[in-house]
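A.B. asks: Just passing along the structure, written as structure tokens.
Bear in mind these aren't lab numbers, they're just calculated from the coordinates by the rules spelled out. The structure presented is a predicted model; accordingly, all values stated were derived computationally and were not measured. Ideal geometry is used to build each Cβ from the backbone, glycine not excepted, and the neighbour counts take in all protein chains shown.
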Amino acid sequence: MDTALQVWGGGSYLLNKILFALAEGKKQDIKRKLKLYAWVIYIVGVPAWVVILLSEQNWIAASIEAGGVPSMCLGLYTVYQYSKAPGSILDKVASFFTYGSIFLGVGYSLVDYGGITSFSQVLEMGVMLGFLLGSYLLAKNNRIGWLFFMLMNASMAILMLTQQKPLLTAQQIISLGFVIYGFRASRKTNPL
């Protein structure tokens, strides 16, 4: 079961990063299609990641995976509507769930572990910041989200390595390469 979850979750997230990276610098209609598929595939991978993380008592990472779904929906909506500025209601909902997930995940982890007492919690905080802020910023078409995805991928790769999840470790390292590519490509088409 664990291997199937790793393939499902890891494969979905890797394909998401590949599609996002390939979308950078493409013509608008191709870029839109790639990003639409990327957001949908990202959402499809969430259940597997949540189960994997909960099974390892990674409370912070599990809460942000689940809490990041509204930001993913915001990204999907933004691409679907050809919008640079997302709808204010959906944007507020995504922000609420983003900050709520941070509060709940960190709070529960602090209570369960009696503070920040493990290296895995530190890695989870890197995953949390990278995932939530990266997803939120990319959903708003802000390329700085790629930098936060780099933090997320590096932190998650180390976390999965320490928890003997070789498929997910490899997936995170490969994803990091596509995130770096996506960031570099976005700098050419969308300078700050």
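A.B. asks: Answer yes if at least one residue in region 56-75 is in contact with a helix residue (DSSP H, G or I) (Cβ under 6 Å, 6 or more places away or on another chain), hydroxyl-bearing (S, T, Y) and over 14 Å from N141 (Cβ atoms), and no otherwise.
C.D. replies: So far as region 56-75 goes, yes, one or more of its residues are in contact with a helix residue (DSSP H, G or I) (Cβ under 6 Å, 6 or more places away or on another chain), hydroxyl-bearing (S, T, Y) and over 14 Å from N141 (Cβ atoms).
A.B. asks: Then there is this: Is it the case that region 36-52 has a residue that's among the hydroxyl-bearing types (S, T, Y) and within 22 Å of V7 (Cβ to Cβ)?
C.D. replies: Scanning region 36-52 turns up at least one residue that is among the hydroxyl-bearing types (S, T, Y) and within 22 Å of V7 (Cβ to Cβ).
A.B. asks: Please work out which residue is surrounded by the most Cβ atoms within 10 Å (Cβ to Cβ), limiting yourself to region 135-170 and to residues that are aromatic (F, W, Y) and under 20 Å from R184 (Cβ atoms).
C.D. replies: Ranking the qualifying residues of region 135-170, first place goes to F149.
A.B. asks: Are any residues in region 1-20 under 20 Å from A66 (Cα atoms), crowded, with 17+ Cβ neighbours inside 10 Å and aliphatic (A, V, I, L, M), and if so, which ones?
C.D. replies: Residues satisfying the conditions are L5, L14, L15.
A.B. asks: Within region 181-190, which residues are crowded, with 16+ Cβ neighbours inside 10 Å and not small (G, A, S)?
C.D. replies: Selection gives Y181, F183.
A.B. asks: Now, a different point. Take residues that are surrounded by fewer than 19 Cβ atoms within 10 Å (Cβ to Cβ) and of a type in the set (D, E, K, R) and tell me which of the helices (runs of 4 or more DSSP H) falling wholly in region 21-132 contain 2 or more.
C.D. replies: Here the list reads 28-55, 88-113.
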